[in-house]
Amino acid sequence: MNKPSSSKVSVPGLRHVALASALCCAGLAQAQTDSSVTLYGLADVGITSVSGLKAGTVTQVASGIMEGSRWGIKGTEDLGGGYKAIFTLESRVELDTGANSSTPISGGQLADRYSDATLLGLPPVFAAPPAPTMQGVLDQLVPKLAGQIYGVNIGSYGNRMFDRQAFVGLITPVGAVLAGRMYTPAFETNAMFDIMETQSGLSAGQLVSFPAILEIRQSNAIAYRIAKDGMAGSLYYALGDRGETTNNDSRMLAFNASYKANGFAVGLGHNASKNEAGQDALKSTVLGASMTTGPHKVSGMAIRITEDNPANMGDIGAAVLGATGSSALAGLIQGAYTEALKQDGRLYHLGYRYTTGPHTVSVAYNTFNDKRPADTDVSSYGAAYTYALSKRTDLNAVLVRFDNGDRGQTAPGGNGYLGGVTASAGTDSTGLALGIRHRF
C-alpha cells in the first residue's frame, strides 16, 4: 500500500510549538528532546460520472476518488527501554464542499426493497380507510430516513470532527495498547487483501454499502497489537459508538491475525457486534491471501456476513415518530426495517496489480451472493490506472461496471463517497472517475 508521506515537525529544544494556526485553531505542543509531532494529510478530488441513476447519468465533482481526503496530527515520544507514547487525530474533509460528511450520488433515495411498502411487507393502509396509504407515508419518510442513515459521517451520531481516527497508545516491547476511535480488525484484513486496498469504486466493499457488510471503525475501543517475524495480530474490544449514553449494550469483540513471508501473505479477521439491546448483531469474517512476485501481485478474499438483529433500529422508529406523531406507525415501520436490514451473504474478491515505473494498473472482480429472501446479488468488475507524477502526487482513472441481479440496485461510488442506488431493482450501472491525489 502506498503510504501517505508526511511533513514532520520535530521539536527538540523548544518549549512549545504552534500547531493549529494552519487549521484555524490554537494549540501548543510540549517540547521534548525525544518527541515529535507531524501534520499530515491527503487531498483527493476528481470528476465522476455514474449511469443508471434515477436522474440518468450524473456527472459531478467528488472528493475521495481513490482515497478519502483527510488531514491529521500524529505524535510520538520515545520513553526509553523500548517504550513509546503515540497519538493520532485524523479528520475527513470533502474537497468538493469543505464539509466533513457526504451523501450518496443518488441523493435521498433508498433501494426499492427499503422504500416500497409491499416489498417491506407493510399493509396497504395504516388503520382503516380513508387513512393515507402506507406507500404515501413512506414516500414522505424515505428521503428523511435516507438523510439520517445513509451516507458518510452523517446522522445523529455523525459529524464527528475526528471521524477517521482519534486514539492514544503505548508501544511496549511486547506489543502496543491503544484506546479511542480506530479501524476494526476485520476491516484491516479486508484492506490488506483487497487488491485496491479499499481504494476507488472497484474495491470489494463498494458492492454492499447499505447495510454495510462490516464496521470500518468503532468508537470507545481498546486494542492490543503485536507484530514479530512476519506474524501480526490484534485483539479489539469496543463499547460502541454510543457507549457514553445510558441503556446501551452495544459492543464489539474482534481480532485478526496475519503472516507474511517471501512475497506471500495470508490473514484472517473477525468482527462480532452486539446491538444496543445486547443482541448478537453484525458478524463479519474475512479470509484472504496474496502473492507478490516482482511487479506482479495477485490477491483473493472471501467475506462472510450475518446479521440477525440489526443495530440502531430505534433511530428509524424515532424518525418516523418525529415525522408522524404516531407511536403505532413508528413501531410498525421500525419492525419492517428490522426484518429488511437483516443480512446473510458471501462476498468474494479476486484482483491483479501490475506496477512498472510510474504506472500502476489494477483489475478486479467482486461478487456478492445474497442468501436472504431479498436475493440482492450484485457483481462488479473493472480497471484502475495510476500515474505517479512524484512520490506525493498521482493521477488516477477508474472504470467499473456494476451488474445487479433482478433485485440488486447498487451504484458505484469512490473511497470517500457512496454511489447509492440505481433507478430501479435490476438496473446496472457504470462508473467512470478521473482524479488527482496529493499526499502531504
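The values are calculated or read from the model by the stated rules, or taken from the named source; none is laboratory data. As the structure is a prediction and not an experimental result, all values here were calculated from the model. Note that each Cβ is placed from the backbone with ideal geometry, even for glycine, and that neighbours are counted across all protein chains shown. The protein model used for the area step is the full one, side chains on, heavy atoms only, and it has no ligands, DNA or RNA in it. Shrake-Rupley method; radii C 1.70, N 1.55, O 1.52, S 1.80 Å.
At a Förster radius of 35 Å, what calculated FRET efficiency corresponds to the Cβ-Cβ distance of TYR83 and PHE264, to the nearest 0.05? The partial results should precede the final answer.
Numbers: r = 32 Å, r/R0 = 0.93.
The computed FRET efficiency comes out at 0.60.
The alpha-carbon positions of the stretch 181-242 define a convex hull whose volume is 90 Å³ per residue.
Please compute one quarter of the surface area of the Cα convex hull for the stretch 73-142 and express it in square nanometres. Before the final figure, lay out the partial values.
Values: hull surface 38.4 nm².
Its average projected convex-hull area is 9.6 nm².
One Cα centroid belongs to the stretch 285-311, the other to the stretch 185-199; the line between them spans 7 Å.
Across all directions, the average projected area of the convex hull around the alpha carbons of the stretch 148-208 is 5.8 nm². Largest GNM mean-square fluctuation across GLN60, GLN334, GLN199, computed for the chain with C-alpha springs under 10 Å, falls on GLN60. Ordered from highest to lowest accessible area with the whole protein assembly present and a 1.4 Å probe, GLU276, GLU94 read as GLU276, GLU94. ASP229 sits with roughly 130 Å² accessible to a 1.4 Å probe, with DNA, RNA and ligands left out of the calculation.
What the pair-distance distribution of the stretch 301-421 shows, using all Cα-Cα distances binned every 10 Å from zero, is 11, 27, 28, 18, 11, 3, 0 percent. Over the chain, DSSP H runs of length four or greater, each weighted -39,500 (n - 2.57), average out per residue to a 222 nm ellipticity of -4000 deg cm²/dmol.
Distance between the 7 Å Cα→Cβ label points at TYR381 and ASP403: 0.6 nm. Measuring only protein heavy atoms, the 1.4 Å probe finds MET252 accessible over about 0 Å². Diagonalising the gyration tensor over the Cα atoms of the stretch 354-440 and scaling each eigenvalue by 5 before taking the square root yields semi-axes of 31, 13, 10 Å, largest first.
Mind ranking VAL168, VAL400 by accessible surface for me, highest first, 1.4 Å probe?
Details: VAL168 90, VAL400 5 Å².
If we order VAL168, VAL400 from most to least accessible, we get VAL168, VAL400.
In whole angstrom, how far apart do the alpha carbon centroids of the stretch 203-244 and the stretch 76-136 sit? Between the Cα centre of the stretch 203-244 and that of the stretch 76-136, the gap is 18 Å.
Accessible area ranking (1.4 Å probe, heavy atoms, ligands and nucleic acids excluded), largest first, for LYS274, LYS260, LYS297: LYS260, LYS274, LYS297.
Each Cα pair under 8 Å and six or more residues apart adds its separation to the average, and for the chain the resulting relative contact order is 17 percent.
Could you provide, to the nearest whole Å², the per residue accessible area of the stretch 173-224 with probe 1.4 Å? Ligands and nucleic acids excluded, the figure is 26 Å² per residue. Counting only the Cα atoms, the stretch 251-293 fills a convex hull of 45 Å³ per residue. Across every pair of non-identical alpha carbons in the stretch 51-174, the mean reciprocal distance, once inverted, gives a Kirkwood radius of 18.4 Å.
Only Lys, Arg, Asp and Glu carry charge here, each on its Cβ (+1 for the first two, -1 for the last two); on that basis the stretch 230-383 has a dipole of about 700 debye about its Cα centre.
Here the stretch 41-85 has an Rg and Dmax of 20.0, 62 Å, counting Cα atoms alone.
When the stretch 220-319 is described by a simple charge dipole with +1 on each Lys and Arg Cβ and -1 on each Asp and Glu Cβ, the residue from MET231, HIS270, ALA311 located farthest towards its positive end is MET231.
Using the alpha carbons alone, the radius of gyration of the stretch 148-251 stands to its Kirkwood radius in an Rg to Rh ratio of 0.99. Here, the stretch 241-327 is characterised by an Rg to Rh ratio of 1.23, where Rg is the alpha-carbon radius of gyration and Rh the Kirkwood radius. You can think of it this way: the chain between GLN279 and VAL61 has 74.4 nm of extra reach, that is 0.36 nm per residue less the Cα-Cα gap. Tell me, how many Å apart are the Cα centres for the stretch 356-422 and for the stretch 146-165? Computed from Cα coordinates, the inter-centre distance equals 23 Å.
Roughly speaking, what is the stretch gain from ALA127 to HIS438, that is 0.36 nm per residue apart minus the C-alpha to C-alpha distance, in nm to one decimal? Let's see the in-between values first.
Details: separation 311, 0.36 × 311 = 111.96 nm, distance 5.70 nm.
Full extension from ALA127 to HIS438 adds 106.3 nm.
Within the accessible surface of the stretch 131-181, defined with a 1.4 Å probe on protein heavy atoms only, the carbon and sulfur portion equals 64 percent.
Given VAL208, PRO143, GLY64, which one lies farthest toward the positive end of the charge dipole of the chain, if we put +1 on the Cβ of every Lys and Arg and -1 on the Cβ of every Asp and Glu? Of VAL208, PRO143, GLY64, it is GLY64.
Could you work out what % of the accessible surface of the stretch 188-278 is carbon and sulfur, using a 1.4 angstrom probe and leaving DNA, RNA and ligands out of the count?
On the way: 2310 of 3890 Å².
Answer for the stretch 188-278 is 59 percent, counting heavy atoms of protein chains only.
Only protein heavy atoms count here; under a 1.4 Å probe, PHE264 has an accessible surface of about 80 Å².
Output the pairs from LYS297/LYS391; LYS260/LYS297; LYS274/LYS371; LYS74/LYS260 with a Cα-Cα distance over 24 Å in this structure; if there are none, say none. Each step should come with its number before you reach the end.
Values: LYS297/LYS391 20 Å; LYS260/LYS297 14 Å; LYS274/LYS371 21 Å; LYS74/LYS260 27 Å.
Over 24 Å apart, Cα to Cα: LYS74/LYS260.
Among SER362, SER327, SER203, the largest mean-square fluctuation in a Gaussian network model of the chain (Cα springs under 10 Å) belongs to SER327.
Using a simple spin-label model with pseudo-atoms 7 Å out from Cα toward Cβ, TYR157 and ALA227 lie 3.0 nm apart.
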